[in-house]
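One structure is given below, encoded as C-alpha coordinates.
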(Lines give C-alpha, C1' and ligand atoms only; values in the text may rest on other atoms or scores of the structure.)
Protein backbone atom coordinates (compact mmCIF):
# COMPACT_ATOMS: atom_id res chain seq x y z
CA UNK A 1 0.00 0.00 0.00
CA UNK A 2 2.76 2.36 0.94
CA UNK A 3 4.72 1.43 -2.21
CA UNK A 4 1.81 2.17 -4.54
CA UNK A 5 1.19 5.51 -2.81
CA UNK A 6 4.87 6.36 -3.17
CA UNK A 7 4.79 5.55 -6.90
CA UNK A 8 1.64 7.64 -7.46
CA UNK A 9 3.20 10.54 -5.59
CA UNK A 10 6.39 10.40 -7.69
CA UNK A 11 4.39 10.18 -10.94
CA UNK A 12 2.34 13.23 -9.97
CA UNK A 13 5.46 15.20 -9.11
CA UNK A 14 7.15 14.23 -12.38
CA UNK A 15 4.13 15.21 -14.50
CA UNK A 16 3.87 18.59 -12.77
CA UNK A 17 7.63 19.07 -13.19
CA UNK A 18 7.41 18.34 -16.89
CA UNK A 19 4.37 20.62 -17.34
CA UNK A 20 5.90 23.63 -15.60
CA UNK A 21 9.28 23.09 -17.31
CA UNK A 22 7.55 23.09 -20.73
CA UNK A 23 5.58 26.22 -19.89
CA UNK A 24 8.73 27.91 -18.70
CA UNK A 25 10.56 27.03 -21.88
CA UNK A 26 7.67 28.00 -24.20
CA UNK A 27 6.61 31.20 -22.54
CA UNK A 28 9.79 32.67 -21.14
CA UNK A 29 9.31 36.08 -22.75
CA UNK A 30 8.34 37.52 -19.39
CA UNK A 31 11.90 37.33 -18.06
CA UNK A 32 13.06 40.35 -16.15
CA UNK A 33 15.39 42.54 -18.14
CA UNK A 34 18.53 43.81 -16.63
CA UNK A 35 18.53 47.38 -15.31
CA UNK A 36 19.37 49.92 -17.98
CA UNK A 37 22.29 52.21 -17.41
CA UNK A 38 22.11 55.75 -18.74
CA UNK A 39 25.83 55.77 -19.43
CA UNK A 40 27.80 53.99 -22.13
CA UNK A 41 29.79 51.13 -20.62
CA UNK A 42 31.98 48.30 -21.78
CA UNK A 43 30.88 45.83 -19.09
CA UNK A 44 30.00 42.46 -20.74
CA UNK A 45 26.29 41.68 -21.03
CA UNK A 46 25.12 38.11 -21.66
CA UNK A 47 22.86 37.23 -24.58
CA UNK A 48 20.78 34.35 -23.19
CA UNK A 49 17.44 34.03 -24.98
CA UNK A 50 16.92 30.41 -23.94
CA UNK A 51 18.58 30.40 -20.50
CA UNK A 52 22.02 29.36 -21.76
CA UNK A 53 24.41 32.21 -22.61
CA UNK A 54 25.15 32.36 -26.35
CA UNK A 55 27.76 35.15 -26.28
CA UNK A 56 28.51 38.49 -24.61
CA UNK A 57 27.94 42.02 -25.87
CA UNK A 58 30.64 44.38 -24.69
CA UNK A 59 30.01 47.68 -26.46
CA UNK A 60 26.99 49.88 -26.66
CA UNK A 61 25.60 51.25 -29.89
CA UNK A 62 24.12 54.67 -30.35
CA UNK A 63 21.89 55.48 -27.38
CA UNK A 64 21.81 51.83 -26.27
CA UNK A 65 24.15 50.41 -23.64
CA UNK A 66 25.62 46.92 -23.83
CA UNK A 67 22.97 45.66 -21.38
CA UNK A 68 20.18 47.14 -23.45
CA UNK A 69 21.60 45.65 -26.64
CA UNK A 70 21.90 42.19 -25.03
CA UNK A 71 18.33 42.33 -23.79
CA UNK A 72 17.08 43.48 -27.23
CA UNK A 73 19.00 40.73 -29.07
CA UNK A 74 17.65 38.08 -26.68
CA UNK A 75 14.11 39.31 -27.18
CA UNK A 76 14.50 39.35 -30.99
CA UNK A 77 15.76 35.75 -31.03
CA UNK A 78 12.84 34.64 -28.86
CA UNK A 79 10.38 36.45 -31.15
CA UNK A 80 11.44 34.12 -34.00
CA UNK A 81 10.37 31.18 -31.92
CA UNK A 82 7.04 32.79 -31.03
CA UNK A 83 6.17 34.14 -34.51
CA UNK A 84 7.11 31.21 -36.75
CA UNK A 85 6.09 27.61 -36.06
CA UNK A 86 8.74 26.29 -38.48
CA UNK A 87 12.29 27.56 -38.69
CA UNK A 88 14.14 27.51 -42.04
CA UNK A 89 17.86 27.87 -41.47
CA UNK A 90 18.49 29.30 -44.95
CA UNK A 91 16.19 32.22 -44.12
CA UNK A 92 18.64 33.42 -41.48
CA UNK A 93 20.85 35.85 -43.41
CA UNK A 94 23.73 38.25 -42.75
CA UNK A 95 24.21 41.40 -44.80
CA UNK A 96 26.37 44.53 -44.69
CA UNK A 97 25.03 48.04 -44.80
CA UNK A 98 26.85 51.32 -44.13
CA UNK A 99 29.95 49.68 -42.60
CA UNK A 100 28.00 47.48 -40.18
CA UNK A 101 26.66 43.93 -40.35
CA UNK A 102 23.13 42.89 -39.55
CA UNK A 103 21.72 39.42 -38.91
CA UNK A 104 18.03 38.97 -39.76
CA UNK A 105 15.43 36.27 -40.08
CA UNK A 106 12.86 37.24 -42.67
CA UNK A 107 11.42 40.52 -41.39
CA UNK A 108 13.04 40.40 -37.93
CA UNK A 109 16.40 42.14 -37.40
CA UNK A 110 18.10 39.99 -34.73
CA UNK A 111 21.23 42.06 -34.10
CA UNK A 112 23.64 44.62 -35.49
CA UNK A 113 27.44 44.23 -35.33
CA UNK A 114 29.75 47.25 -35.52
CA UNK A 115 33.48 47.80 -35.84
CA UNK A 116 33.61 48.49 -32.10
CA UNK A 117 32.30 44.98 -31.39
CA UNK A 118 34.93 43.47 -33.68
CA UNK A 119 37.74 45.52 -32.14
CA UNK A 120 36.77 44.63 -28.55
CA UNK A 121 36.55 40.94 -29.44
CA UNK A 122 39.87 41.00 -31.30
CA UNK A 123 38.40 39.80 -34.61
CA UNK A 124 37.48 41.21 -38.00
CA UNK A 125 33.96 42.45 -38.52
CA UNK A 126 33.11 39.75 -41.07
CA UNK A 127 34.51 36.91 -38.92
CA UNK A 128 32.63 38.10 -35.82
CA UNK A 129 29.37 38.46 -37.75
CA UNK A 130 29.76 34.96 -39.21
CA UNK A 131 30.46 33.55 -35.75
CA UNK A 132 27.37 35.20 -34.25
CA UNK A 133 25.22 33.97 -37.16
CA UNK A 134 26.31 30.37 -36.59
CA UNK A 135 25.71 30.62 -32.84
CA UNK A 136 22.22 32.09 -33.28
CA UNK A 137 21.27 29.55 -35.96
CA UNK A 138 22.36 26.64 -33.76
CA UNK A 139 20.51 28.03 -30.72
CA UNK A 140 17.23 28.53 -32.65
CA UNK A 141 17.42 25.07 -34.22
CA UNK A 142 18.03 23.53 -30.78
CA UNK A 143 15.14 25.52 -29.38
CA UNK A 144 12.70 24.24 -32.01
CA UNK A 145 13.94 20.75 -31.33
CA UNK A 146 13.45 21.16 -27.56
CA UNK A 147 9.80 22.23 -27.85
CA UNK A 148 8.74 19.40 -30.15
CA UNK A 149 6.07 17.15 -28.69
CA UNK A 150 8.17 14.06 -29.28
CA UNK A 151 11.09 15.62 -27.42
CA UNK A 152 8.87 16.58 -24.50
CA UNK A 153 7.35 13.11 -24.36
CA UNK A 154 10.80 11.56 -24.47
CA UNK A 155 11.90 13.74 -21.58
CA UNK A 156 8.79 12.80 -19.61
CA UNK A 157 9.63 9.17 -20.28
CA UNK A 158 13.14 9.62 -18.93
CA UNK A 159 11.82 11.32 -15.79
CA UNK A 160 9.42 8.43 -15.22
CA UNK A 161 12.25 5.98 -15.85
CA UNK A 162 14.41 7.75 -13.24
CA UNK A 163 11.57 7.60 -10.71
CA UNK A 164 10.86 3.91 -11.28
CA UNK A 165 14.56 3.06 -11.29
CA UNK A 166 15.00 4.98 -8.07
CA UNK A 167 12.13 3.07 -6.47
CA UNK A 168 13.66 -0.32 -7.34
CA UNK A 169 17.14 0.83 -6.34
CA UNK A 170 15.84 1.82 -2.92
CA UNK A 171 14.21 -1.59 -2.52
CA UNK A 172 17.48 -3.23 -3.60
CA UNK A 173 19.50 -1.18 -1.11
CA UNK A 174 17.10 -2.08 1.70
CA UNK A 175 17.33 -5.75 0.76
CA UNK A 176 21.14 -5.67 0.69
CA UNK A 177 21.36 -3.96 4.06
CA UNK A 178 18.93 -6.47 5.58
CA UNK A 179 21.24 -9.23 4.32
CA UNK A 180 24.25 -7.44 5.78
CA UNK A 181 22.51 -6.99 9.14
CA UNK A 182 21.66 -10.70 9.22
CA UNK A 183 25.28 -11.66 8.48
CA UNK A 184 26.48 -9.32 11.21
CA UNK A 185 24.18 -10.93 13.79
CA UNK A 186 25.52 -14.37 12.82
CA UNK A 187 29.09 -13.19 13.52
CA UNK A 188 28.36 -12.88 17.24
CA UNK A 189 30.90 -14.88 19.21
CA UNK A 190 33.04 -15.71 16.17
CA UNK A 191 34.39 -12.68 14.36
CA UNK A 192 32.63 -10.06 16.51
CA UNK A 193 33.69 -10.50 20.12
CA UNK A 194 33.85 -8.51 23.33
CA UNK A 195 35.88 -5.31 22.97
CA UNK A 196 38.40 -4.97 25.80
CA UNK A 197 41.08 -2.50 26.79
CA UNK A 198 43.38 -4.73 28.83
CA UNK A 199 41.07 -6.07 31.58
CA UNK A 200 38.38 -3.39 31.13
CA UNK A 201 35.37 -4.52 29.09
CA UNK A 202 34.48 -1.62 26.83
CA UNK A 203 31.60 -3.37 25.04
CA UNK A 204 30.36 -6.92 25.37
CA UNK A 205 29.22 -8.96 22.35
CA UNK A 206 25.62 -7.73 22.58
CA UNK A 207 26.60 -4.06 22.71
CA UNK A 208 29.16 -4.53 19.95
CA UNK A 209 26.54 -6.08 17.64
CA UNK A 210 24.08 -3.29 18.48
CA UNK A 211 26.70 -0.62 17.75
CA UNK A 212 27.64 -2.17 14.37
CA UNK A 213 23.96 -2.49 13.40
CA UNK A 214 23.45 1.16 14.35
CA UNK A 215 26.31 2.20 12.06
CA UNK A 216 24.83 0.02 9.31
CA UNK A 217 21.45 1.77 9.60
CA UNK A 218 23.14 5.17 9.47
CA UNK A 219 25.02 4.08 6.33
CA UNK A 220 21.78 2.86 4.74
CA UNK A 221 20.06 6.20 5.38
CA UNK A 222 23.05 8.06 3.92
CA UNK A 223 23.03 5.91 0.76
CA UNK A 224 19.27 6.33 0.25
CA UNK A 225 19.49 10.08 0.86
CA UNK A 226 22.29 10.46 -1.69
CA UNK A 227 20.32 8.40 -4.24
CA UNK A 228 17.23 10.56 -3.76
CA UNK A 229 19.24 13.75 -3.78
CA UNK A 230 21.08 12.87 -7.00
CA UNK A 231 17.90 11.76 -8.75
CA UNK A 232 16.42 15.28 -8.42
CA UNK A 233 19.16 17.12 -10.39
CA UNK A 234 19.29 14.18 -12.80
CA UNK A 235 15.61 14.68 -13.60
CA UNK A 236 15.99 18.45 -13.76
CA UNK A 237 18.90 18.18 -16.19
CA UNK A 238 16.61 16.62 -18.79
CA UNK A 239 14.77 19.94 -19.31
CA UNK A 240 16.71 22.92 -20.69
CA UNK A 241 14.78 25.36 -18.53
CA UNK A 242 15.88 23.65 -15.30
CA UNK A 243 19.34 22.50 -16.34
CA UNK A 244 20.98 25.37 -14.48
CA UNK A 245 19.29 24.25 -11.25
CA UNK A 246 20.47 20.69 -11.86
CA UNK A 247 24.03 21.91 -12.30
CA UNK A 248 23.73 23.84 -9.04
CA UNK A 249 22.47 20.81 -7.12
CA UNK A 250 25.13 18.58 -8.63
CA UNK A 251 27.72 21.14 -7.64
CA UNK A 252 26.69 20.97 -3.99
CA UNK A 253 27.68 17.28 -3.96
CA UNK A 254 30.59 17.05 -6.37
CA UNK A 255 32.25 20.45 -5.96
CA UNK A 256 33.70 19.65 -2.49
CA UNK A 257 35.18 16.41 -3.80
CA UNK A 258 36.54 18.17 -6.87
CA UNK A 259 38.08 20.86 -4.69
CA UNK A 260 39.62 18.25 -2.41
CA UNK A 261 41.00 16.29 -5.36
CA UNK A 262 42.40 19.38 -7.05
CA UNK A 263 43.85 20.50 -3.71
CA UNK A 264 45.58 17.13 -3.34
CA UNK A 265 46.96 17.35 -6.87
CA UNK A 266 48.23 20.89 -6.25
CA UNK A 267 49.75 19.81 -2.92
CA UNK A 268 51.83 16.97 -4.45
CA UNK A 269 54.93 19.14 -5.18
CA UNK A 270 54.88 20.52 -1.63
CA UNK A 271 54.33 17.00 -0.28
CA UNK A 272 57.42 15.78 -2.14
CA UNK A 273 59.46 18.63 -0.65
CA UNK A 274 58.16 17.80 2.85
CA UNK A 275 58.92 14.08 2.45
CA UNK A 276 62.46 14.75 1.20
CA UNK A 277 63.10 17.16 4.08
CA UNK A 278 61.80 14.68 6.66
CA UNK A 279 63.91 11.84 5.21
CA UNK A 280 67.08 13.95 5.27
CA UNK A 281 66.56 15.01 8.88
CA UNK A 282 65.63 11.46 9.85
CA UNK A 283 68.94 10.07 8.61
CA UNK A 284 70.84 12.89 10.28
CA UNK A 285 69.18 12.02 13.59
CA UNK A 286 69.94 8.32 13.03
CA UNK A 287 73.62 9.15 12.60
CA UNK A 288 73.64 11.23 15.78
CA UNK A 289 71.89 8.42 17.69
CA UNK A 290 74.57 5.96 16.54
CA UNK A 291 77.31 8.30 17.78
CA UNK A 292 75.50 8.70 21.12
CA UNK A 293 75.32 4.94 21.55
CA UNK A 294 79.02 4.54 20.79
CA UNK A 295 79.99 7.28 23.27
CA UNK A 296 77.63 5.90 25.95
CA UNK A 297 79.22 2.43 25.64
CA UNK A 298 82.73 3.97 25.71
CA UNK A 299 83.55 2.60 22.26
CA UNK A 300 84.06 6.19 21.09
CA UNK A 301 85.77 8.69 23.35
CA UNK A 302 85.95 12.45 22.96
CA UNK A 303 88.34 14.45 25.07
CA UNK A 304 86.51 16.37 27.78
CA UNK A 305 83.16 14.72 26.90
CA UNK A 306 81.79 12.27 29.48
CA UNK A 307 79.89 9.17 28.40
CA UNK A 308 76.85 10.04 30.52
CA UNK A 309 76.49 13.24 28.50
CA UNK A 310 75.87 11.27 25.30
CA UNK A 311 72.11 10.72 25.42
CA UNK A 312 71.15 14.05 27.04
CA UNK A 313 73.18 15.89 24.40
CA UNK A 314 71.62 13.74 21.68
CA UNK A 315 68.11 14.57 22.89
CA UNK A 316 68.90 18.29 22.96
CA UNK A 317 70.31 18.25 19.43
CA UNK A 318 67.39 16.10 18.24
CA UNK A 319 64.89 18.61 19.63
CA UNK A 320 66.70 21.49 17.91
CA UNK A 321 66.81 19.57 14.64
CA UNK A 322 63.09 18.81 14.80
CA UNK A 323 62.37 22.48 15.48
CA UNK A 324 64.54 23.51 12.53
CA UNK A 325 62.86 20.87 10.32
CA UNK A 326 59.45 22.27 11.24
CA UNK A 327 60.61 25.77 10.31
CA UNK A 328 61.83 24.45 6.95
CA UNK A 329 58.61 22.61 6.05
CA UNK A 330 56.28 25.29 7.45
CA UNK A 331 55.84 27.16 4.11
CA UNK A 332 54.93 23.87 2.40
CA UNK A 333 52.13 22.99 4.84
CA UNK A 334 48.50 23.50 3.73
CA UNK A 335 46.89 26.68 5.06
CA UNK A 336 50.25 27.84 6.48
CA UNK A 337 49.55 31.33 5.15
CA UNK A 338 45.99 31.36 6.47
CA UNK A 339 45.38 34.12 9.05
CA UNK A 340 43.39 31.65 11.16
CA UNK A 341 46.25 29.14 11.17
CA UNK A 342 48.76 31.82 12.06
CA UNK A 343 46.47 33.24 14.76
CA UNK A 344 46.11 29.82 16.40
CA UNK A 345 49.87 29.29 16.39
CA UNK A 346 50.43 32.71 17.96
CA UNK A 347 47.78 31.98 20.59
CA UNK A 348 49.42 28.66 21.48
CA UNK A 349 52.78 30.40 21.76
CA UNK A 350 51.35 33.05 24.10
CA UNK A 351 49.66 30.43 26.30
CA UNK A 352 52.86 28.40 26.43
CA UNK A 353 54.94 31.45 27.32
CA UNK A 354 52.62 32.76 30.04
CA UNK A 355 51.78 29.41 31.60
CA UNK A 356 55.12 27.64 31.59
CA UNK A 357 57.63 29.84 33.43
CA UNK A 358 58.11 27.22 36.15
CA UNK A 359 58.27 24.47 33.54
CA UNK A 360 60.96 26.32 31.60
CA UNK A 361 62.85 26.89 34.87
CA UNK A 362 62.79 23.17 35.63
CA UNK A 363 63.91 22.30 32.09
CA UNK A 364 66.84 24.72 32.29
CA UNK A 365 67.75 23.39 35.74
CA UNK A 366 67.59 19.82 34.41
CA UNK A 367 69.90 20.80 31.54
CA UNK A 368 72.38 22.40 33.95
CA UNK A 369 72.28 19.34 36.25
CA UNK A 370 73.03 17.09 33.28
CA UNK A 371 76.29 18.83 32.53
CA UNK A 372 77.20 19.53 36.17
CA UNK A 373 77.02 15.74 36.78
CA UNK A 374 76.31 15.97 40.55
CA UNK A 375 74.78 12.46 40.52
CA UNK A 376 73.84 9.57 38.24
CA UNK A 377 71.06 7.02 38.17
CA UNK A 378 71.48 4.65 41.12
CA UNK A 379 73.63 6.98 43.25
CA UNK A 380 72.87 7.32 46.96
CA UNK A 381 72.52 11.05 47.57
CA UNK A 382 71.21 13.48 50.15
CA UNK A 383 69.33 16.64 49.20
CA UNK A 384 68.52 18.72 52.25
CA UNK A 385 67.04 16.30 54.79
CA UNK A 386 66.17 13.69 52.15
CA UNK A 387 68.43 10.67 51.56
CA UNK A 388 67.86 8.01 48.91
CA UNK A 389 68.87 6.51 45.58
CA UNK A 390 68.29 8.28 42.25
CA UNK A 391 65.85 6.20 40.18
CA UNK A 392 64.98 8.64 37.38
CA UNK A 393 66.23 11.88 35.85
CA UNK A 394 63.92 13.81 33.52
CA UNK A 395 64.11 17.33 32.09
CA UNK A 396 61.55 18.45 34.67
CA UNK A 397 62.04 16.39 37.86
CA UNK A 398 64.34 13.93 39.61
CA UNK A 399 62.90 10.92 41.45
CA UNK A 400 64.54 9.44 44.55
CA UNK A 401 63.71 6.22 46.41
CA UNK A 402 64.46 6.42 50.13
CA UNK A 403 65.72 3.45 52.22
CA UNK A 404 62.08 3.04 53.34
CA UNK A 405 61.04 2.54 49.65
CA UNK A 406 59.36 5.94 49.51
CA UNK A 407 59.58 7.45 46.03
CA UNK A 408 60.00 11.20 46.22
CA UNK A 409 59.71 13.57 43.21
CA UNK A 410 61.83 16.72 43.42
CA UNK A 411 61.60 19.56 40.83
CA UNK A 412 64.96 20.23 39.24
CA UNK A 413 64.77 23.91 40.17
CA UNK A 414 64.64 22.90 43.87
CA UNK A 415 67.74 20.75 43.47
CA UNK A 416 69.62 23.71 42.01
CA UNK A 417 68.92 25.79 45.12
CA UNK A 418 69.81 23.05 47.65
CA UNK A 419 73.03 21.32 48.72
CA UNK A 420 73.48 17.86 47.20
CA UNK A 421 75.65 15.17 48.86
CA UNK A 422 76.68 12.25 46.65
CA UNK A 423 77.73 9.28 48.81
CA UNK A 424 78.12 6.79 45.95
CA UNK A 425 80.59 8.91 43.98
CA UNK A 426 82.88 9.26 47.03
CA UNK A 427 82.56 5.55 47.81
CA UNK A 428 83.56 4.61 44.27
CA UNK A 429 86.48 7.03 44.04
CA UNK A 430 88.17 7.23 47.45
CA UNK A 431 86.01 5.17 49.78
CA UNK A 432 83.27 6.79 51.83
CA UNK A 433 84.08 7.57 55.50
CA UNK A 434 81.22 7.06 57.91
CA UNK A 435 81.58 7.84 61.58
CA UNK A 436 79.85 7.53 64.93
CA UNK A 437 80.51 9.04 68.34
CA UNK A 438 80.61 7.52 71.83
CA UNK A 439 81.22 9.11 75.20
CA UNK A 440 83.35 7.25 77.77
CA UNK A 441 84.10 8.41 81.31
CA UNK A 442 87.47 9.83 82.31
CA UNK A 443 88.23 6.81 84.50
CA UNK A 444 88.73 4.62 81.35
CA UNK A 445 92.16 5.00 79.67
CA UNK A 446 91.83 6.49 76.21
CA UNK A 447 94.24 3.97 74.66
CA UNK A 448 92.00 1.13 75.79
CA UNK A 449 88.96 2.93 74.34
CA UNK A 450 90.79 3.26 70.99
CA UNK A 451 91.54 -0.46 70.92
CA UNK A 452 87.96 -1.39 71.72
CA UNK A 453 86.53 0.90 69.02
CA UNK A 454 88.98 -0.52 66.44
CA UNK A 455 87.90 -4.01 67.45
CA UNK A 456 84.24 -3.03 66.97
CA UNK A 457 85.09 -1.76 63.46
CA UNK A 458 86.93 -5.01 62.59
CA UNK A 459 83.90 -7.07 63.56
CA UNK A 460 81.64 -5.07 61.22
CA UNK A 461 81.07 -6.46 57.73
CA UNK A 462 81.39 -4.25 54.64
CA UNK A 463 84.03 -2.13 56.42
CA UNK A 464 87.31 -1.82 54.51
CA UNK A 465 90.50 -3.10 56.16
CA UNK A 466 92.51 -0.72 53.99
CA UNK A 467 92.51 2.17 54.62
CA UNK A 468 92.34 1.23 58.30
CA UNK A 469 89.69 2.57 60.68
CA UNK A 470 90.88 5.43 62.86
CA UNK A 471 89.75 7.22 66.02
CA UNK A 472 89.43 10.93 66.67
CA UNK A 473 88.88 12.43 70.12
CA UNK A 474 86.56 15.32 69.44
CA UNK A 475 85.70 16.71 72.90
CA UNK A 476 86.57 16.63 76.60
CA UNK A 477 83.16 17.15 78.10
CA UNK A 478 82.18 17.72 81.74
CA UNK A 479 81.28 14.08 82.29
CA UNK A 480 82.99 12.09 79.54
CA UNK A 481 85.47 12.08 76.69
CA UNK A 482 83.92 12.06 73.19
CA UNK A 483 85.48 9.55 70.79
CA UNK A 484 84.73 9.42 67.04
CA UNK A 485 85.09 6.11 65.17
CA UNK A 486 85.78 6.53 61.40
CA UNK A 487 85.64 3.62 58.94
CA UNK A 488 85.86 3.30 55.14
CA UNK A 489 83.14 1.68 53.03
CA UNK A 490 82.62 1.29 49.25
CA UNK A 491 78.92 0.39 49.20
CA UNK A 492 76.97 3.55 50.02
CA UNK A 493 73.63 1.75 49.67
CA UNK A 494 74.40 -0.22 52.89
CA UNK A 495 75.13 2.80 55.05
CA UNK A 496 72.14 2.26 57.35
CA UNK A 497 72.98 -1.42 57.90
CA UNK A 498 76.66 -0.67 58.54
CA UNK A 499 75.81 2.05 61.06
CA UNK A 500 73.48 -0.31 62.89
CA UNK A 501 76.07 -3.12 62.99
CA UNK A 502 78.84 -0.80 64.20
CA UNK A 503 76.71 0.40 67.11
CA UNK A 504 75.86 -3.18 68.01
CA UNK A 505 79.54 -4.18 67.97
CA UNK A 506 80.52 -1.15 70.09
CA UNK A 507 78.06 -2.28 72.75
CA UNK A 508 79.40 -5.82 72.63
CA UNK A 509 83.13 -4.98 72.91
CA UNK A 510 82.67 -2.50 75.73
CA UNK A 511 80.41 -4.84 77.66
CA UNK A 512 82.94 -7.66 77.21
CA UNK A 513 85.70 -5.37 78.52
CA UNK A 514 83.60 -4.45 81.55
CA UNK A 515 83.38 -0.78 80.60
CA UNK A 516 80.09 0.94 81.16
CA UNK A 517 78.67 3.24 78.48
CA UNK A 518 77.52 6.07 80.70
CA UNK A 519 77.25 8.88 78.17
CA UNK A 520 75.94 11.30 77.35
CA UNK A 521 74.16 12.11 80.64
CA UNK A 522 73.93 8.78 82.42
CA UNK A 523 74.93 9.17 86.11
CA UNK A 524 75.01 6.56 88.88
CA UNK A 525 76.12 6.47 92.53
CA UNK A 526 78.37 3.50 93.03
CA UNK A 527 77.26 3.06 96.63
CA UNK A 528 74.41 0.54 96.26
CA UNK A 529 73.92 1.09 92.51
CA UNK A 530 73.87 -1.92 90.14
CA UNK A 531 76.31 -1.90 87.20
CA UNK A 532 75.00 -0.58 83.88
CA UNK A 533 76.61 -3.53 82.07
CA UNK A 534 74.04 -6.16 80.92
CA UNK A 535 73.72 -9.11 83.33
CA UNK A 536 74.93 -11.59 80.71
CA UNK A 537 78.34 -9.88 80.69
CA UNK A 538 78.73 -9.73 84.51
CA UNK A 539 80.38 -12.50 86.58
CA UNK A 540 78.05 -15.09 88.08
CA UNK A 541 78.97 -14.00 91.63
CA UNK A 542 78.51 -10.29 90.96
CA UNK A 543 77.04 -8.36 93.89
CA UNK A 544 76.07 -4.71 93.83
CA UNK A 545 78.39 -2.70 96.11
CA UNK A 546 77.00 -1.93 99.57
CA UNK A 547 75.89 1.49 100.63
CA UNK A 548 78.73 3.27 102.38
CA UNK A 549 77.46 6.08 104.59
CA UNK A 550 79.83 8.01 106.77
CA UNK A 551 78.62 10.32 109.50
CA UNK A 552 80.76 13.36 109.95
CA UNK A 553 80.46 15.04 113.36
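What number of residues within the range 95-107 satisfy the criterion of being farther than 18 Å from residue 57 by Cβ and surrounded by 15 or more Cβ atoms within 10 Å (Cβ to Cβ)?
1
Okay, residues lined up against (1) over 17 Å from residue 517 (Cα atoms); (2) surrounded by 13 or more Cβ atoms within 10 Å (Cβ to Cβ); (3) modelled with pLDDT of 90 or more:
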site: 438; (1), (2), (3): no, yes, yes
site: 447; (1), (2), (3): no, no, yes
site: 455; (1), (2), (3): no, yes, yes
site: 461; (1), (2), (3): yes, no, yes
site: 483; (1), (2), (3): no, yes, yes
site: 486; (1), (2), (3): yes, yes, yes
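For a quick check of your reading: which helices (runs of 4 or more DSSP H) sit entirely within the range 270-382 and have at least 2 residues that are closer than 30 Å to residue 424 by Cβ and modelled with pLDDT of 85 or more?
The qualifying helices (runs of 4 or more DSSP H) are 310-329.
Of everything in the range 463-475, what is in a strand (DSSP E or B) and buried (at least 18 other Cβ atoms within 10 Å of the Cβ)? Give them in sequence order.
471
Quick test for you: out of 203, 187, pick the one residue that is at pLDDT 80 or above and farther than 28 Å from residue 52 by Cβ.
The conditions single out 187.
Which count do you get for residues in the range 52-85 that are surrounded by fewer than 18 Cβ atoms within 10 Å (Cβ to Cβ), over 14 Å from residue 135 (Cα atoms) and in contact with a helix residue (DSSP H, G or I) (Cβ under 8 Å, 6 or more places away or on another chain)?
Of the residues in the range 52-85, 1 are surrounded by fewer than 18 Cβ atoms within 10 Å (Cβ to Cβ), over 14 Å from residue 135 (Cα atoms) and in contact with a helix residue (DSSP H, G or I) (Cβ under 8 Å, 6 or more places away or on another chain).
I'd like to verify a number: residues in the range 95-130 that are in contact with a strand residue (DSSP E or B) (Cβ under 8 Å, 6 or more places away or on another chain) and closer than 27 Å to residue 148 by Cα, how many?
6
Please determine whether any residue of the range 26-40 is surrounded by 12 or more Cβ atoms within 10 Å (Cβ to Cβ) and either modelled with pLDDT of 85 or more or assigned to a helix (DSSP H, G or I) (or both).
Yes, the range 26-40 contains at least one residue that is surrounded by 12 or more Cβ atoms within 10 Å (Cβ to Cβ) and either modelled with pLDDT of 85 or more or assigned to a helix (DSSP H, G or I) (or both).
State all residues of the range 82-92 that are out of contact with any strand residue (DSSP E or B) (no Cβ under 8 Å at 6 or more places or on another chain) and not in a loop (DSSP other than H, G, I, E, B); if no residue qualifies, say none.
Hits for the range 82-92 are 82, 89, 90.
Could you tell me which of the residues 496, 540 is modelled with pLDDT under 80 and either surrounded by fewer than 16 Cβ atoms within 10 Å (Cβ to Cβ) or not in a helix (DSSP H, G or I) (or both)?
540
From the list 116, 112, pick out the single residue that is out of contact with any helix residue (DSSP H, G or I) (no Cβ under 8 Å at 6 or more places or on another chain), under 17 Å from residue 60 (Cβ atoms), outside any strand (DSSP E or B) and assigned by TED's automatic domain parsing to the domain that holds residue 59.
Exactly one of 116, 112 is out of contact with any helix residue (DSSP H, G or I) (no Cβ under 8 Å at 6 or more places or on another chain), under 17 Å from residue 60 (Cβ atoms), outside any strand (DSSP E or B) and assigned by TED's automatic domain parsing to the domain that holds residue 59, namely 116.
Output yes when any residue across the range 223-236 is under 35 Å from the mean Cα position of the chain (by Cα), more than 21 Å from residue 250 (Cβ to Cβ) and surrounded by 15 or more Cβ atoms within 10 Å (Cβ to Cβ), and no when none is.
no
The values are calculated or read from the model by the stated rules, or taken from the named source; none is laboratory data. Just so it is clear, the structure is predicted and the values come from calculations on it, not from any experiment. Because the Cβ atoms are built from the backbone with ideal geometry, glycine has one as well, and the counts that use them run over all protein chains shown.
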